[in-house]
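Participant: Take a look at the following structure, please.
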Amino acid sequence: MDFLVFRTGVPFGYLILAMVFFIAFVVSCISLRRALKARPVNKLKALLPCMPIAFFALVVSANLNAGAVEWNPLIRGDAPLLGNWEEGASVLALHEGGQYACAGSACAALNAAGKWQRVGDFEIDFAPADGAPTRWRITAHEGRYEFVAGAVGDPDNWQTDVTFRKPVSPASAQ
């Protein structure tokens, strides 16, 4: 339900969005009440106001869980990053010595193999053997590390895409 999560860099954007949703919710509740009070009850008129109310509930649910992303996880050393990262059927294997291998359809930006290097605390540069280098950010979300593409520059302008995931080992979470 990530497509229902709202992110805005607009000043008071969340307040404006909350007001619009609140007004739509109140209007839907009033319409539902009127439709249910009418005799005989018109099922279509009673069902239509339920749709915005259900949509509102889905949006609230998706946004309550969206704040769980840790954009700056504490990762001590490279050991927690080594091993297999998965995205569907695709697998990205980070090896000691800065080498990686990638297999599957999600490996387009990385190609089949190349070198990786940690940059600062939260980013990794990938240099494919035959392609343009790319930088991904490391995040933590719901008990796993995630590589995020598009998290470069000003955070208000990020157009992020979660790529590969790996469970957080208990030793690295300390």
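Only the coordinates and a few stated rules stand behind these numbers; no lab work does. Everything numeric in this text was worked out from a predicted model, so none of it was measured. Cβ placement follows ideal geometry from the backbone for every residue including glycine, while neighbour counts extend to all protein chains displayed.
Participant: Could you tell me which of Tyr100, Gly153, Asn84 has its Cα farthest along the dipole of segment 50-174 towards the positive end, charges placed at Cβ (Lys, Arg +1; Asp, Glu -1), taken about the Cα centre?
Facilitator: Asn84
Participant: Kindly point out, ordered by number, any Cys in the chain whose beta-carbon has no other cysteine beta-carbon under 4.7 Å away.
Facilitator: Within the chain, the cysteines lacking a partner Cβ under 4.7 Å are Cys29, Cys50.
Participant: Please give the charge dipole size of segment 67-174, origin at the Cα centre, charges +1 on K and R Cβ atoms and -1 on D and E Cβ atoms. Round to the nearest 20 debye. If you can, show how the numbers build up before the last one.
Facilitator: Working: 8 positive and 14 negative charges, 50 e Å.
Once rounded to the nearest 20, the dipole reads 240 debye.
Participant: Can you give the angle from 0 to 90° between the axis of helix 13-37 and the longest principal axis of the chain, with both taken from C-alpha atoms, to the nearest 10?
Facilitator: Between the helix axis and the principal axis of the chain, the angle is about 40 degrees.
Participant: Among (1) 1.22; (2) 1.43; (3) 1.34, which is the computed Cα Rg over 2.2 N^0.38 Å?
Facilitator: The calculated read-out lines up with (2).
Participant: Shifting gears a bit: From the gyration tensor of the Cα coordinates in segment 1-64, what semi-axes in whole Å does the equivalent ellipsoid have, largest first, with each one equal to sqrt(5λ)? Could you put the intermediate results ahead of the total?
Facilitator: Details: eigenvalues 167, 33, 8 Å².
Calculated on Cα positions only, the semi-axes equal 29, 13, 6 Å.
Participant: Remind me, what semi-axes does segment 91-174 give for its equivalent ellipsoid, largest first in whole Å, using sqrt of 5 times each Cα gyration tensor eigenvalue? Spell out each step's value before the answer.
Facilitator: On the way: eigenvalues 75, 59, 31 Å².
Working from the Cα gyration tensor, I get semi-axes of 19, 17, 12 Å.
Participant: Among the aspartates and glutamates, which fall within straight-line cross-link reach of Lys115, defined as a Cα-Cα distance under 12 Å, with same-chain neighbours fewer than 8 residues apart omitted?
Facilitator: Within the straight-line cut-off, Lys115 pairs with Glu96, Asp125, Asp130.
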